[in-house]
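Trainee: I am attaching a structure below and will ask some questions about it afterwards.
Nothing in this text is a laboratory measurement; each read-out follows from the coordinates by a stated rule. Note that this is a predicted model, so its numbers are computed, not measured. All Cβ positions, glycine included, derive from the backbone under ideal geometry; neighbour counts span all protein chains shown.
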Amino acid sequence: MSELPSAVLFACTLNSVRSPMAEGLLKASLGHRIYVDSVGVRGFEINGFSVEVLAEIGIDISAHQPKTFQTMDDSSFDVVISLSPEAQHSAVELTRWMSCEVEYWPTLDPSVVDGSRERRLGAFREVRDELKRRIDERFPPEIGE
């Protein structure tokens, strides 16, 4: 890929953990050059652990308002990245009439991890770090400079 896309959509099941984290990460690195948004198959309030682990690296997603495929304002994206099987199905349906790339990045839902607060935070940190790695690989900041 020689150029950055102009608009990227991340999608997951509830738009409360994985997709807002991915949105925040890409906005932090390239939000000045790419329009970035996120949605869920269903909407649910932002997960506090997602907010906390991104705050650890200087990214604030505390004001995130969940959106669904049905309630999103814009549907003009160059790349749609789904992070859950449910979202992949919805992304394929959404893009049947759109000319855009659809990518599937299967990503663990860290909210299903049980145990101590530290164990749960550890799961969220692993997802954060994996998303950051994939985003940096897929959308290198130096492309198009």
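Trainee: Could you rank the peptides 42-48, 130-136 by their average count of other C-beta atoms within 10 Å per residue, with the highest value first? List each step's numbers first, then the result.
Mentor: Values: 42-48: 15.3, 130-136: 17.6.
Ranked from most to least packed, the peptides come out as 130-136, 42-48.
Trainee: Tell me, how many Å apart are the Cα centres for the stretch 87-145 and for the stretch 38-61?
Mentor: 12
Trainee: Please give the calculated 222 nm ellipticity per residue for the chain, where each DSSP H segment of at least 4 residues contributes -39500 (n - 2.57) and the sum is spread over every residue; nearest 500 deg cm²/dmol? Kindly include the intermediate steps, with their values, before the conclusion.
Mentor: Working: 4 runs with 53 residues, N = 145.
Result for the chain, helices only: -11500 deg cm²/dmol.
Trainee: Further question on the same structure: So, with +1 on the Cβ of K and R and -1 on the Cβ of D and E, and no other charges, what is the size of the charge dipole of the stretch 7-138 about its Cα centre, to the nearest 20 debye? Walk me through the intermediate numbers first.
Mentor: Values: 15 positive and 21 negative charges, 26 e Å.
That gives a dipole near 120 debye.
Trainee: Another one. How large are Rg and Dmax for the stretch 1-97 when only the alpha carbon atoms are used, in Å?
Mentor: According to the Cα coordinates of the stretch 1-97, Rg and Dmax are 12.8, 39 Å.
Trainee: While we're on this one: Name the residues whose placed amide hydrogens come within less than 5 Å of the amide hydrogen of Val36, ignoring near sequence neighbours (fewer than 5 apart) on the same chain.
Mentor: Val8
Trainee: At a 10 Å Cβ-Cβ cut-off, how would you order Val92, Val127, fewest neighbours first?
Mentor: Details: Val92 13, Val127 24.
Ranking Val92, Val127 by Cβ neighbours within 10 Å, fewest first, gives Val92, Val127.
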